[in-house]
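*Asks:* Can you read through this structure? Questions will come right after.
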Amino acid sequence: MIGAKVFNDPEELAWLEAQIHPLVGAEIHDWLARTEPGTKFAVAEIPLLFEGEMHRRFDHTVAIVAHEDLRQERARSRGHEGVEGREARQLSQAEKAARADTVIENDGTPDQLETKLAALLESLESGLTTGGQS
């Protein structure tokens, strides 16, 4: 409904983003400030991480990518309308992957993705305990 309207109308999208982005930025800032001392990882899923320059707030970024046909099929199965208009206004997966610190391919099952993400967290944790950065 809203997505179909704004992702196919640049003026509507600009208005909506002007309303939402400052609120999202403030919420993320507050959320990170409330994390418990000793928290090793705080994970946020942000679709426009690089487009909105929010990546600068994070120590490590991850791009989760999948083949284009599979991505569109998944979006439609979740009832997302205007997939093409939405994607036309975002960075390509290749560009997001180039900017991210880590790239995870998500062409398999949810369990396979979970295994890959667990391995990433283990790797990052190992880097924390050895004093290095991953």
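Just so it is clear, none of the values below were taken in a lab; they were calculated from the coordinates. For clarity, every value in this text was computed on a predicted model and none was experimentally measured. Positions of Cβ are backbone-derived with ideal geometry, glycine not excepted, and every protein chain shown enters the neighbour counts.
*Asks:* What's the magnitude of the charge dipole for the range 2-107 around its Cα centre, counting Lys and Arg as +1 and Asp and Glu as -1 at the beta-carbon? Answer in Debye, nearest 20.
*Replies:* 240 debye
*Asks:* Given Thr39, Gln72, Asn8, which one lies farthest toward the positive end of the charge dipole of the range 2-107, if we put +1 on the Cβ of every Lys and Arg and -1 on the Cβ of every Asp and Glu?
*Replies:* Thr39
*Asks:* Another one. Provide the per-residue ³J(HN,Hα) series for the range 57-72, in order, calculated from phi with Karplus coefficients 6.51, -1.76, 1.60 and θ = phi - 60°, each as a whole number of Hz, with x at glycine and proline positions.
*Replies:* Along the range 57-72, the couplings run 7, 10, 6, 8, 10, 10, 9, 9, 10, 8, 4, 4, 4, 5, 4, 5 Hz.
*Asks:* What stretch of the chain, leaving out the sites themselves, is the longest with no trypsin sites (Lys or Arg not before Pro) in a DSSP loop having at most 11 other Cβ atoms within 10 Å?
*Replies:* Result, exposed sites excluded: 79-134.
*Asks:* Using θ = phi - 60° and the Karplus form 6.51 cos²θ - 1.76 cosθ + 1.60, what ³J(HN,Hα) does each residue of the range 4-20 get, whole Hz, x for Gly and Pro?
*Replies:* 4, 6, 6, 6, 10, 9, x, 5, 5, 5, 4, 4, 4, 4, 5, 7, 7
*Asks:* When only Cα pairs under 8 Å and 6 or more residues apart are kept, what is the percent relative contact order across the chain?
*Replies:* Relative contact order comes out at 28 percent.
*Asks:* Follow-up. Show that you can apply the helix-only estimate: for the chain, add -39,500 (n - 2.57) for every DSSP H stretch of four or more residues, divide by all residues, and state [θ] at 222 nm to the nearest 500.
*Replies:* Using -39500 (n - 2.57) per qualifying helix, the result is -16500 deg cm²/dmol.
*Asks:* Using each residue's phi in the range 96-106, evaluate 6.51 cos²θ - 1.76 cosθ + 1.60 at θ = phi - 60° and report the 3J(HN,Hα) Karplus result to the nearest Hz, with x for Gly and Pro.
*Replies:* Result, ordered by residue: 4, 4, 5, 7, 6, 6, 9, 10, 10, 8, 10 Hz.
*Asks:* At 4 °C and 1.567 mPa s, what whole-number value in µm²/s does Stokes-Einstein give for the translational diffusion of the range 2-107, with Rh from the Kirkwood sum over Cα pairs?
*Replies:* 84 µm²/s
*Asks:* A follow-up question, please. List the GluC sites (Glu not before Pro) within the range 1-81 that DSSP assigns to loop and that have no more than 10 neighbouring Cβ atoms inside 10 Å.
*Replies:* Those that pass, being in a loop and sparsely packed, are Glu45.
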